[in-house]
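To keep things clear, I will list the structure first and then write my remarks on it.
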């Protein structure tokens, strides 16, 4: 079966035609979202992008991973920070009318978790926690093969689990959220905060400070880089240990740009989590880097179709 996966972003939107049996992306394209044109225009652009991509190919349905609060039953974007004018916007029904296909809409972090379940490191497993470390921190929880979203479909905001109520200010307005420590935004902020004490850090050798520059500096034993790396590890370990105690997952999968730090992040993280979890939980789980890399968003969106058809 062929399905369409759409990763809806505030600046660019990725569209892929996916073979659901193999997880292979047959072909894909990227279009400008052009939010400023309004919701109807964005939907039309997505529809045209899909039609241009598939050509004479046939497909069964469309899955869309969208940022924000989603009414998954009706395909409605309740609210999204990337699309401030989209209040109760019927994204799914509008696109379905243009394509004459069934369209399923899900929160993008949840779709990332579904992608891991169907095509990635969670394949064949029933209990999975997924974290994506990018500009922010998102995540998803799958238990007994079911995506956990809570009473109103907005649960599993793993990036806003509070690990220190007297800690760093988060963009959401709370203090001590995981996102305030383990996102690219937080890492860059910590670097600038440390500049006064470590003005000669190689983090600042280029005009633009990035999370990658911080980890590259840490790999070169740069003192500020190592301090930040250790703070990221501690925050993640505290959060992940709590997730493990609460949900008892088989695997914790970490993706997003920060995960590309590889074993320099994962080795101390695994060690620290094992120190924090109760003895009965030790060796009951894996912590691994997402294998989906650049294709995670499209495969995640496509997997929305598979999951919804399995559970309805």
So is residue 131 assigned by TED's automatic domain parsing to the domain that holds residue 145 and in contact with a strand residue (DSSP E or B) (Cβ under 9 Å, 6 or more places away or on another chain) or not?
yes
Got a sec? Which of 116, 73 is out of contact with any helix residue (DSSP H, G or I) (no Cβ under 6 Å at 6 or more places or on another chain), buried (at least 22 other Cβ atoms within 10 Å of the Cβ) and not in a strand (DSSP E or B)?
116
Can you tell me which condition residue 49 does not meet? The list is (1) outside any strand (DSSP E or B); (2) in contact with a helix residue (DSSP H, G or I) (Cβ under 7 Å, 6 or more places away or on another chain), and all the others hold.
(2)
Of the conditions (1) farther than 14 Å from residue 254 by Cα; (2) modelled with pLDDT of 95 or more, residue 130 fails just one. Which one is it?
(1)
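Okay, residues lined up against (1) under 18 Å from residue 68 (Cβ atoms); (2) outside any loop (DSSP other than H, G, I, E, B); (3) touching a residue at least 40 places away in the same chain (Cβ under 8 Å); (4) in the same structural domain as residue 259 (by TED's automatic domain parsing):
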position	(1), (2), (3), (4)
142	no, yes, no, yes
156	yes, no, yes, yes
193	no, yes, no, yes
197	no, no, no, yes
206	no, no, no, yes
209	no, no, no, yes
212	no, yes, yes, yes
So, in segment 9-24, exactly how many residues are crowded, with 17+ Cβ neighbours inside 10 Å and either touching a helix residue (DSSP H, G or I) at 6+ places or on another chain (Cβ under 7 Å) or not assigned by TED's automatic domain parsing to the domain that holds residue 66 (or both)?
8
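Residue 258: in contact (Cβ under 8 Å) with a residue 24 or more places away in the chain, under 24 Å from residue 142 (Cα atoms) and part of a helix (DSSP H, G or I), yes or no?
Yes, satisfied.
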State which residue is modelled with the lowest pLDDT when the search covers only segment 83-107 and only residues that are under 15 Å from residue 154 (Cα atoms) and surrounded by 24 or more Cβ atoms within 10 Å (Cβ to Cβ).
107
How many residues are surrounded by fewer than 17 Cβ atoms within 10 Å (Cβ to Cβ) and closer than 19 Å to residue 113 by Cα when one looks only at segment 216-244?
1
Would you mention how many residues in segment 276-292 are in contact (Cβ under 8 Å) with a residue 12 or more places away in the chain and assigned to a helix (DSSP H, G or I)?
2
Give the number of residues within segment 166-191 that are surrounded by fewer than 21 Cβ atoms within 10 Å (Cβ to Cβ), touching a strand residue (DSSP E or B) at 6+ places or on another chain (Cβ under 9 Å) and in a helix (DSSP H, G or I).
1
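Regarding segment 205-214, can at least one residue be identified that is farther than 30 Å from residue 4 by Cα and crowded, with 22+ Cβ neighbours inside 10 Å? Walk me through it before giving the result.
Taking segment 205-214 first, the residues farther than 30 Å from residue 4 by Cα are 205-214.
Add one more test, that the residue is crowded, with 22+ Cβ neighbours inside 10 Å, and what stays is 211, 214.
Yes, there is a match, as at least one residue in segment 205-214 is farther than 30 Å from residue 4 by Cα and crowded, with 22+ Cβ neighbours inside 10 Å.
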Among the numbered criteria (1) touching a helix residue (DSSP H, G or I) at 6+ places or on another chain (Cβ under 9 Å); (2) under 30 Å from residue 141 (Cα atoms); (3) not in a strand (DSSP E or B), which one does residue 253 miss?
(3)
Residues of segment 120-140 classified as touching a residue at least 40 places away in the same chain (Cβ under 8 Å) and either surrounded by fewer than 24 Cβ atoms within 10 Å (Cβ to Cβ) or assigned to a loop (DSSP other than H, G, I, E, B) (or both), total
9
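Any idea which of 290, 284, 259 is surrounded by fewer than 20 Cβ atoms within 10 Å (Cβ to Cβ) and closer than 17 Å to residue 127 by Cα? So that I can check it myself, show each step before the final result.
Details: 290 fails: surrounded by fewer than 20 Cβ atoms within 10 Å (Cβ to Cβ); 259 fails: closer than 17 Å to residue 127 by Cα.
Answer to the check: 284.
Criterion first (part of a helix (DSSP H, G or I), at pLDDT 95 or above and more than 14 Å from residue 265 (Cα to Cα)) does residue 238 satisfy it?
Values: part of a helix (DSSP H, G or I): yes; at pLDDT 95 or above: yes; more than 14 Å from residue 265 (Cα to Cα): yes.
The answer is yes for residue 238.
The values are calculated or read from the model by the stated rules, or taken from the named source; none is laboratory data. Because the structure is a prediction, the values reported are computed rather than measured. When we count neighbours, we look across all protein chains shown, and the Cβ atoms used for this are built from the backbone with ideal geometry, even at glycine.
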